[in-house]
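S.K.: Take this structure, written in structure tokens, and hold onto it; I'll ask about it next.
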Amino acid sequence: MLGPEAVITHEPGMADLVPSEAASRRFIDAAGVTSFPKVLRRRLDLFFADQKISPKADTMMWAKVTIGLAVLAGSWITLYLVRPGPWAFVALYLLGGLAQTFLLLNIAHDSNHNAVSSRPFVNKTLNYVFDLCGISSYMWRILHHRGHHSCINLQGEDDAISGRGIFRFTPHESRTPWHRFQHIYALVVYALFSLDYVFVRDFQCFFFPMHEYLKRTRHPLSEYAVLFAGKGFYVTYMLVLPVLILAKSPLLVAGAFLLVHLVIGLSVTLVFQTTHTIDSTYFPSDRGEFDNGVYHILATTADYATENPIVGWLAGGLNHHVVHHLCPYVCHTHYARLTRIVRETAAEFGVPYRQHPTMARAIRHHLLLLKKLGNED
């Protein structure tokens, strides 16, 4: 009999955003006892029971939390204690930006999936890493759970493939003349991703929502307060204080700020886009194409560089993306071992498992998809 910490299928949480455990298991239990989804889920569950370990954060994960927060705090403390010259200022400022990128991919993403701890308070506290980086953790959670995990690669529902007129990410979306160049301008636009989130996207989703589920949602007043407080705090410590306290040129601070966001935007976007929008993943026309969610995940999701521990360490395990969608409440430091189970079980049942040996190869195939979708109906 598996204990609650060993069963990794799903956890109840935000009932309107995340499928409940009972709802998730209905899709799995509908299959036969020896079916691929049933066998795969049982093997994933048994991994933690057999190893007698928790699916939540291990020592490595807590080390990453400590390192990420220490580097971010240390870079800013050093800025104010040392009061460096322009070049050293930019270097330390950029180091803080790299720490933000690391925290977003490794800590904030896991905590918003309740994957860090079985204690809600711990996950909730770490959720605010998003707000510390200028992004609404509340809105990101809604968009990521309701607008992605529940509808992977579905046109009109999956927020991650919403090109907002700039990109055509799916064959079900109409093509425009400028899309023929999207594989050329993609990386430039991706670099602006985090700037868009900080200054445009969050406010748009709160006050001018495009998705129906956002229009129907009544956000708590407290979340409006957190939105404005978080943005104000971020702009203050990133832009205002270096000018007022360190007497740095506004142009220098603005340039360093832009550089940080170019790094964050490009890094985060490529980590995610290379897992769903490549030339070998599938784009369903509706939710009913697969009789089981496991098949949907395997068809629409791809891994990359799964044998490279450095990529996994820096990218928060998101290169093991199939496992992430199968086990979103599991801490990413366990993903590498679970990926081997998925790969072996898929091969055993003849189910396609998509992967690229390197991140560079995954990026190339993402750009190939953009080129194809930009030139073909």
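The values are calculated or read from the model by the stated rules, or taken from the named source; none is laboratory data. As the structure is a computational prediction, the values presented were derived from the model and not from experiment. Here the Cβ is made from the backbone with ideal geometry for all residues, glycine too, and neighbour counts use every protein chain on show.
S.K.: Take the residues in the range 115-140 that are touching a residue at least 24 places away in the same chain (Cβ under 8 Å) and of a type in the set (S, T, N, Q); name whichever of them is surrounded by the fewest Cβ atoms within 10 Å (Cβ to Cβ).
M.R.: Out of the qualifying residues, it is 118.
S.K.: Identify all residues within the range 312-327 that are surrounded by fewer than 23 Cβ atoms within 10 Å (Cβ to Cβ) and within 15 Å of residue 294 (Cβ to Cβ); write none if there are none.
M.R.: If the condition is that a residue be surrounded by fewer than 23 Cβ atoms within 10 Å (Cβ to Cβ) and within 15 Å of residue 294 (Cβ to Cβ), then 325 is the only one that fits.
S.K.: Among the residues of the range 81-114 satisfying the criterion of being touching a helix residue (DSSP H, G or I) at 6+ places or on another chain (Cβ under 7 Å) and not in a helix (DSSP H, G or I), which is surrounded by the fewest Cβ atoms within 10 Å (Cβ to Cβ)?
M.R.: Of everything passing the filter in the range 81-114, 84 is surrounded by the fewest Cβ atoms within 10 Å (Cβ to Cβ).
S.K.: Let me ask something additional. Of the residues 78, 9, 34, only one is modelled with pLDDT of 95 or more and either exposed (fewer than 12 other Cβ atoms within 10 Å of the Cβ) or of a type in the set (S, T, N, Q) (or both); which? Even if it seems obvious, please write down each step before you answer.
M.R.: Details: 9 fails: modelled with pLDDT of 95 or more; 34 fails: modelled with pLDDT of 95 or more.
The match here is 78.
S.K.: Checking the condition touching a residue at least 12 places away in the same chain (Cβ under 8 Å) and assigned to a loop (DSSP other than H, G, I, E, B), which residue from 55, 37 passes? Reasoning before the result, please.
M.R.: Working: 37 fails: assigned to a loop (DSSP other than H, G, I, E, B).
Within the list 55, 37, the selection yields 55.
S.K.: Quick one: in the range 141-169, which of the residues that are in a helix (DSSP H, G or I), in contact (Cβ under 8 Å) with a residue 40 or more places away in the chain and of a type outside the set (A, V, I, L, M) is farthest from residue 217 (Cα to Cα)? Can you show your working first?
M.R.: So in the range 141-169, the residues in a helix (DSSP H, G or I) come out as 141-149, 159-161.
Keeping just the survivors that are in contact (Cβ under 8 Å) with a residue 40 or more places away in the chain gives 141-143, 145-147, 149, 159-161.
Filter again for of a type outside the set (A, V, I, L, M), leaving 141, 145-147, 149, 159.
Details: 141: 13, 145: 14, 146: 11, 147: 13, 149: 18, 159: 16 Å.
Looking at residues that are in a helix (DSSP H, G or I), in contact (Cβ under 8 Å) with a residue 40 or more places away in the chain and of a type outside the set (A, V, I, L, M), I get 149.
S.K.: Here is a further query. Give the residue that is modelled with the lowest pLDDT, with candidates limited to residues of the range 193-225 that are over 15 Å from residue 136 (Cα atoms) and exposed (fewer than 11 other Cβ atoms within 10 Å of the Cβ). Steps first, answer last, please.
M.R.: Initial filter on the range 193-225 (over 15 Å from residue 136 (Cα atoms)): 208, 210-213, 215-218.
Okay, now just the ones that are also exposed (fewer than 11 other Cβ atoms within 10 Å of the Cβ), so 208, 212, 215-216, 218.
Numbers: 208: 93, 212: 84, 215: 89, 216: 89, 218: 91.
Only one residue fits best here, namely 212.
S.K.: List, please: which pairs have Cβ atoms under 7 Å, are six or more places apart or on different chains, and start with a residue in the range 176-195 that is charged (D, E, K, R) and end with one that is in a helix (DSSP H, G or I)?
M.R.: 180/374; 180/375
S.K.: Restricting to the range 328-358, and then to whatever is touching a Lys or Arg at 6+ places or on another chain (Cβ under 7 Å) and more than 22 Å from residue 109 (Cα to Cα), can you tell me which residue is surrounded by the most Cβ atoms within 10 Å (Cβ to Cβ)? Lay out the reasoning, then the answer.
M.R.: First, the residues of the range 328-358 that are touching a Lys or Arg at 6+ places or on another chain (Cβ under 7 Å): 331, 341, 345, 353.
Within this subset, residues satisfying the condition of being more than 22 Å from residue 109 (Cα to Cα) are 341, 345, 353.
Details: 341: 16, 345: 19, 353: 16.
Going through the qualifying residues, I end up with 345.
S.K.: Looking at the range 45-63, is at least one residue surrounded by fewer than 21 Cβ atoms within 10 Å (Cβ to Cβ) and of a type in the set (Ser, Thr, Tyr)? Please lay out each step first, then the result.
M.R.: At the first step, the residues of the range 45-63 found to be surrounded by fewer than 21 Cβ atoms within 10 Å (Cβ to Cβ) are 45-47, 49-54, 58-60, 62-63.
Checking the rest, the ones that are also of a type in the set (Ser, Thr, Tyr) come to 54, 59.
Yes, that holds for at least one residue.
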